[in-house]
Amino acid sequence: MTNNSPLVTIVAMSYNHGEYVLETLESIDQQTYKNIQLIVIDNGSKDDSVEKIHNWIQNTRFADVQFLPEVINLGVCAALNKALTLTKGKYFQFISCDDILLPHKIEKQIGVFETFPDTVAFIYGNFKYINEKSEIVEKDNHFAVQGWTHQSDLPSGRVKSVAVNNYFISAPTVLYRTHCLEDVGGYDEMIPFEDFQMNLRLLTKFSCYGLIDVLCLYRVLSNSFYNSTSEDRIEKNYLQTMKYVYGDSYYQNWVILLRYILFNRSFKFRIFQKIIFTLLNSASVSMKREYNIK
């Protein structure tokens, strides 16, 4: 690594991650790539996360480390926007403080990134699942489900349509070009989850690249932020994202309307659901008959 290696900003965010936060921070400390600005955010934890982070920082090697202990939970996107205002790095990495970066993660991605033009907004990679005890979980991720085993299998370039229909990117594997995040206006604070929407917005204007290498360990927890989030908020996250996919169009309005009808559980919407599925089934039967499909 040369003295002119680009600066990478890593944002580590904790929310009641006292049991795992030190493991995450140590994985950042153990990166083979050393030119790192570290920003640690505690997003209103009620456990001992803040105390553990304070103690870790006192003994860390990082010369450039900032700790933002928030009194209340800002939400992931608002906290990331706050971190962006402090970001100095050419590249930007976000990790939740229950996941783990493998030692060569940043170095591998920088080695590839520096050969690409500024139109490549991010590089994603492969990962493995771990449980509460940091043990590897034998569970197929998206790469395995799709049968992607070689570099050439991975979607790269302007692959927004692929990502919309079959999302394949795991958040902690992604390394971003900072100016691209700034170019699209940062994170949308109206939504609870940051990565799906941000990556689609970036792919509207920029391209991406995939690495077959396993770069991270993604922790599966029954009480994770996603699993503990209400279905209404998850649905809002999706619908708010769709405006970046379809724009302000009739197509977008139909997507929103159909999803609202299909996911609403009230009695009157069950009637709408039955009508819609009956019409779709009828159209399907007609199409099969027309094209002689059994």
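Values quoted throughout were computed directly from the atomic coordinates according to the rules given, and no laboratory measurement underlies them. Fair warning: this is a prediction, and the values are worked out from it, not measured in the lab. Because the Cβ atoms are built from the backbone with ideal geometry, glycine has one as well, and the counts that use them run over all protein chains shown.
Which FRET efficiency value, to the nearest 0.05, do you get for D48 and E189 by plugging their Cβ-Cβ distance into 1/(1 + (r/R0)^6) with R0 = 35 Å?
Here the calculated transfer efficiency is 0.80.
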Charge-dipole axis of the range 19-100 as Lys and Arg at +1 and Asp and Glu at -1 on Cβ define it, positive-most pick from N81, I100, H54: N81
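Do any trypsin sites (Lys or Arg not before Pro) in the range 94-148 lie in a DSSP loop with no more than 14 other beta carbon atoms within 10 Å, and if so, which? Please report the intermediate quantities before stating the final value.
Details: sites: K105, K108, K128, K133, K139; in loops: K133, K139.
Passing both the DSSP loop test and the Cβ count: K133, K139.
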Segment N165-K139, extension gain: residue separation times 0.36 nm, minus the distance between their alpha carbons: 7.2 nm
Separation of alpha-carbon centers, the range 125-162 and the range 31-70, rounded to whole Å: 28
R61/E114 FRET efficiency (R0 30 Å; Cβ-Cβ; nearest 0.05): 0.80
Simple label model, 7 Å out from Cα along Cβ direction - E107 to Q273, nm: 5.2
Distance between modelled label sites at D153 and E182, nm, 7 Å Cα→Cβ extension: 3.8
Out-of-range pairs (alpha-carbon distance over 21 Å; input K160/K205; K160/K243; K139/K243; K52/K133; K105/K128; K82/K243): K139/K243; K82/K243
